[in-house]
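To keep things clear, I will list the structure first and then write my remarks on it.
The values are calculated or read from the model by the stated rules, or taken from the named source; none is laboratory data. The shown structure was predicted, so the numbers you read here are calculated from the model rather than taken from an experiment. Quick reminder, even Gly has a Cβ in these numbers, built from the backbone with ideal geometry, and neighbours come from all protein chains shown.
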């Protein structure tokens, strides 16, 4: 007889439930969240344990490889799929969630979540902390601007470089406010310094990565968009078609269809990685508004904007960029958006641009 196991993983403890092929509960227990403790609890069932499921979470990148390394048939499950399946439960407890996941594994009605490589998670951590520092910097700057409005001081036309000097001059006559604002400005300067440090690290890593440099041949795609896309996909072979990548990042429209009378197509789903979706949208916006040369994707997007709206056209171009980048990755080709350039010249131009890029950041 085969057995199926469900894990409800917590920060300190993990609820374990094992059921047989008929759905009969064979084991319910709680252990510390440690791979060795989980394996020890499942020792009587290891020989006939067919699947062990756990929901994707913050501990999954560490726990999943550790379980596989110990010979457990672990499967990481998509959170939205598991949540929808467990809604039928009257009460939500760790014990009930583990039982529900065990039944999901028994029935086979689940969708796997991709666990990225350790190197990929390190690069994503760099992007995440860069983004966090930038957001905190902007929050602090906006807080300073807002606090000065009480005294009628409005900094409307002050750039980032002259911001600190303009603020200090504006509050120089008030000793207390000057002291408070000086502390805020020092914190702002420290955040900007560390943000610049992480941003330079991103640029250096992208300059030394051949795939990211190929992505940056696309007009509008910069270091952040290239690295974000690469680390989010991780393994291009897990997508059967390049157009599936757009849906993975939530750039395709929702649909609600029932019978012959209801068929509603809504806005984009916004599923998946929001940072990648924003990076692709910014790249598409730059392509449509800032790039001045000829480009097939740009011409297509501008024609769509004339028929619909600029925002919808930008989303459509972002979706197309995701498809193009995945196709470039799988085929090893270069981007050629200029209809007047022969395909044979594309690789030569790309090699020349790579040489200039590497020289600039050497």
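Here are the numbers for this structure:
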item: Any hit, segment 6-17, residues being touching a residue at least 60 places away in the same chain (Cβ under 8 Å), more than 14 Å from residue 106 (Cα to Cα) and not in a strand (DSSP E or B); result: yes
item: Test: residue in segment 35-47 that is touching a strand residue (DSSP E or B) at 6+ places or on another chain (Cβ under 9 Å), closer than 26 Å to residue 124 by Cα, surrounded by 15 or more Cβ atoms within 10 Å (Cβ to Cβ) and modelled with pLDDT of 95 or more; result: no
item: Hey, residue 265 outside any helix (DSSP H, G or I), under 22 Å from residue 340 (Cβ atoms) and modelled with pLDDT under 95 or not; result: no
item: The lone exception for residue 224 - which of (1) closer than 24 Å to residue 293 by Cβ; (2) over 18 Å from the mean Cα position of the chain (by Cα); (3) outside the structural domain of residue 163 (by TED's automatic domain parsing) it fails; result: (2)
item: Residue within segment 202-220 that is over 30 Å from residue 284 (Cβ atoms), at pLDDT 95 or above and buried (at least 17 other Cβ atoms within 10 Å of the Cβ) present; result: no
item: Selection status of residue 327, in the same structural domain as residue 218 (by TED's automatic domain parsing), at pLDDT 90 or above and assigned to a helix (DSSP H, G or I); result: yes
item: Number of the exception - residue 337 against (1) crowded, with 18+ Cβ neighbours inside 10 Å; (2) at pLDDT below 95; (3) in a helix (DSSP H, G or I); result: (3)
item: Counted residues, segment 106-119 - those being assigned to a helix (DSSP H, G or I) and surrounded by fewer than 16 Cβ atoms within 10 Å (Cβ to Cβ); result: 3
item: Residue within segment 83-102 that is touching a strand residue (DSSP E or B) at 6+ places or on another chain (Cβ under 8 Å) and part of a strand (DSSP E or B) present; result: no
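For every residue, the table says whether it meets (1) surrounded by fewer than 21 Cβ atoms within 10 Å (Cβ to Cβ); (2) touching a residue at least 12 places away in the same chain (Cβ under 8 Å); (3) within 28 Å of the chain's Cα centre (by Cα).
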site: 50; (1), (2), (3): yes, yes, no
site: 54; (1), (2), (3): no, yes, yes
site: 73; (1), (2), (3): yes, yes, yes
site: 81; (1), (2), (3): yes, yes, yes
site: 92; (1), (2), (3): yes, no, no
site: 96; (1), (2), (3): yes, no, no
site: 104; (1), (2), (3): no, yes, yes
